[in-house]
Protein chains: 2
Amino acid sequence: MTIAILGGTGPQGQGLAKRFALAGVPVALGSRDAGRAAEIAAEISTALPGDAAAITGHDNLGAVDAADEMVILAVPWSGHNATLEAIKGGLSGKILVDIVVPLKEGDPKKVDMPPEGSATEAAQALLGDDIPVMGALHNVSAHTLNDLEASINCDVLVCGNGLAPRKKVMELVEKLGVRAYNAGDAEAARCIEAITPILIRINISKAVPFTHAGIKIWAPEH
Amino acid sequence: MTIAILGGTGPQGQGLAKRFALAGVPVALGSRDAGRAAEIAAEISTALPGDAAAITGHDNLGAVDAADEMVILAVPWSGHNATLEAIKGGLSGKILVDIVVPLKEGDPKKVDMPPEGSATEAAQALLGDDIPVMGALHNVSAHTLNDLEASINCDVLVCGNGLAPRKKVMELVEKLGVRAYNAGDAEAARCIEAITPILIRINISKAVPFTHAGIKIWAPEH
């Protein structure tokens, strides 16, 4: 089951491509520039062990076409809506997994949410109700994704309208060795996307002994 | 340094009163009904070890007057604004710590945010800029607070306009033996308050092996 990662040449996209390929999931890496995608795909693949799944490069719409069901949107917020407009025609029968956080221009310690409430809700409004849009993987740092010697220190909150696609995305995400939680419908993205700037603030702060913080759902002691 | 806890006869308020008294912080418990507050204060105090700090009962405005600096608002969302109107006159020179989550009427797995964006922002708008309003302690379950044999399985994200009062609240919160993080200005409450219904959903879900979940900022492995 091949997945697409759009904006796959960025740090988040590359990290996800490596992690999914290592987990045995073939990846169609998409970019506005198919040549650049092919180059990055080859570069990443070469650095992975021989038993990793294939990573191939495409333009964004070509990557969508190559995906069996799941299309991960990993572009910067500034390219979110334009990329969706460009690939909308190819999404029929597929699930869009939106991992984009609307960070505020010039201040990544804040969000600047769109009128729809969140990136996930904006994507759902743009694509229409026939294409399920699921929010996920917002809070995992690109640095962590690319540091293949470390496991991912972040639980993943998955939201979106429709329980069946939400469960499919949770299953996909858990292939990365992380715990995924059902966080409810798309409106929950207003919260989940906005956790990222709080983590960025914590990372930047001199008050804490670590960077690249994640979040964890914390079970009680008894 | 006595603190006030308004809505202190509810489960969240009672749990916080116990925890703060055990940490050596005297508590003025406030309620609309001063008699009820005195009754609960006596009941709680009796059950705590002799070296715990004092817990006294008052009406809400009396509790505010008894507080040296910090006033914790722990009423249900339905009483949030009315309680603030009732105590507004007494808050001069003090910090309001708003722990209220605007849970949706009839569906605690969702928030129903006020036009201001969050409870914290609504309180700040209602009280005016001279009274600092800090959001904190939203994600700690009442059950956990009242289970004194367990430590609190929840980090605390503190937000509000003004770094100095934010740091004071972080210091107060850390007396409970939890880790507090600076989450930025009041707008971050839109995120932080909305984490609670996600935890409630996880608690209700049969998919997880625990209830009374908290959140933790998760450091990377290396």
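Starting from residues that are touching a residue at least 24 places away in the same chain (Cβ under 8 Å) and out of contact with any Gly (no Cβ under 9 Å at 6 or more places or on another chain), keep the ones in the stretch B:135-149 and report whichever is farthest from the other protein chains (Cβ to nearest Cβ).
B:137
Which ones in the stretch B:150-177 are without any contact (Cβ under 8 Å) to a residue 40 or more places away in the chain, more than 11 Å from chain A (Cβ to nearest Cβ) and surrounded by fewer than 21 Cβ atoms within 10 Å (Cβ to Cβ)?
Correct list: B:161, B:162, B:163, B:164, B:171, B:174.
Residue B:114 fails exactly one of the following numbered conditions: (1) open to solvent by 60 Å² or more (accessible area, probe 1.4 Å); (2) without any contact (Cβ under 8 Å) to a residue 24 or more places away in the chain. What is the number of that condition?
Looking at each condition in turn, residue B:114 falls short on (1).
Based on what the data block shows, is residue B:103 free of Cβ contacts under 8 Å to residues at least 60 places away in the same chain, crowded, with 16+ Cβ neighbours inside 10 Å, in contact with a Phe, Trp or Tyr (Cβ under 8 Å, 6 or more places away or on another chain) and under 23 Å from residue B:202 (Cα atoms)?
no
Right, residue A:109: of a type in the set (D, E, K, R) and over 26 Å from residue A:19 (Cα atoms) or not?
yes
Quick check on the stretch A:131-148. Is at least one of its residues more than 24 Å from residue A:216 (Cβ to Cβ) and open to solvent by 20 Å² or more (accessible area, probe 1.4 Å)?
yes
Tell me which residues, restricted to the stretch B:178-187, are open to solvent by less than 10 Å² (accessible area, probe 1.4 Å) and more than 8 Å from every other protein chain (Cβ to nearest Cβ).
Hits for the stretch B:178-187 are B:180, B:186.
Looking at (1) at pLDDT 90 or above; (2) more than 7 Å from chain A (Cβ to nearest Cβ); (3) surrounded by fewer than 21 Cβ atoms within 10 Å (Cβ to Cβ), can you tell me which one residue B:216 breaks?
Residue B:216 satisfies every listed condition except (2).
Run residue A:201 past the list (1) more than 8 Å from chain B (Cβ to nearest Cβ); (2) surrounded by 16 or more Cβ atoms within 10 Å (Cβ to Cβ); (3) not β-branched (Val, Ile, Thr) and report the number of the one that doesn't hold.
Tallying (1) more than 8 Å from chain B (Cβ to nearest Cβ); (2) surrounded by 16 or more Cβ atoms within 10 Å (Cβ to Cβ); (3) not β-branched (Val, Ile, Thr), residue A:201 fails exactly one: (1).
Suppose we keep only residues that are in contact (Cβ under 8 Å) with a residue 60 or more places away in the chain and at the interface with another protein chain (Cβ under 7 Å from one of its Cβ atoms) within the stretch B:188-197. Which one would you say is surrounded by the most Cβ atoms within 10 Å (Cβ to Cβ)?
B:194
What are the pairs, 6+ residues apart or on separate chains, where a residue within the stretch B:18-32 that is basic (Lys, Arg) has its Cβ under 6 Å from a residue that is open to solvent by 10 Å² or more (accessible area, probe 1.4 Å) and assigned to a loop (DSSP other than H, G, I, E, B)?
That search, which allows pairs on different chains as well, returns B:19/B:176.
Which of the residues belonging to the stretch B:106-141 are among the small types (Gly, Ala, Ser) and either part of a helix (DSSP H, G or I) or closer than 27 Å to residue B:87 by Cα (or both)?
Pass one, the stretch B:106-141, residues among the small types (Gly, Ala, Ser): B:106, B:117-119, B:122-123, B:125, B:128, B:135-136, B:141.
Hits for the stretch B:106-141 are B:117, B:118, B:119, B:122, B:123, B:125, B:128, B:135, B:136, B:141.
Which numbered condition in (1) within 22 Å of residue A:27 (Cα to Cα); (2) at pLDDT 95 or above is the only one that residue A:144 fails?
(2)
Among the residues of the stretch B:50-66, are any in contact with a helix residue (DSSP H, G or I) (Cβ under 6 Å, 6 or more places away or on another chain), polar (S, T, N, Q) and in a strand (DSSP E or B)?
There is at least one residue in the stretch B:50-66 that is in contact with a helix residue (DSSP H, G or I) (Cβ under 6 Å, 6 or more places away or on another chain), polar (S, T, N, Q) and in a strand (DSSP E or B).
Between B:47, B:38, which is more than 25 Å from residue B:86 (Cα to Cα), open to solvent by 30 Å² or more (accessible area, probe 1.4 Å), among the hydrophobic types (A, V, I, L, M, F, W, C) and free of Cβ contacts under 8 Å to residues at least 40 places away in the same chain?
Of the residues listed, the single one that is more than 25 Å from residue B:86 (Cα to Cα), open to solvent by 30 Å² or more (accessible area, probe 1.4 Å), among the hydrophobic types (A, V, I, L, M, F, W, C) and free of Cβ contacts under 8 Å to residues at least 40 places away in the same chain is B:47.
The values are calculated or read from the model by the stated rules, or taken from the named source; none is laboratory data. Model, not experiment: these values are computed from the prediction. In this analysis, Cβ positions are derived from the backbone assuming ideal geometry, glycine residues included, and neighbour counts consider all displayed protein chains. Protein only, heavy atoms only, side chains kept; ligands, DNA and RNA dropped before computing areas. Shrake-Rupley method; radii C 1.70, N 1.55, O 1.52, S 1.80 Å.
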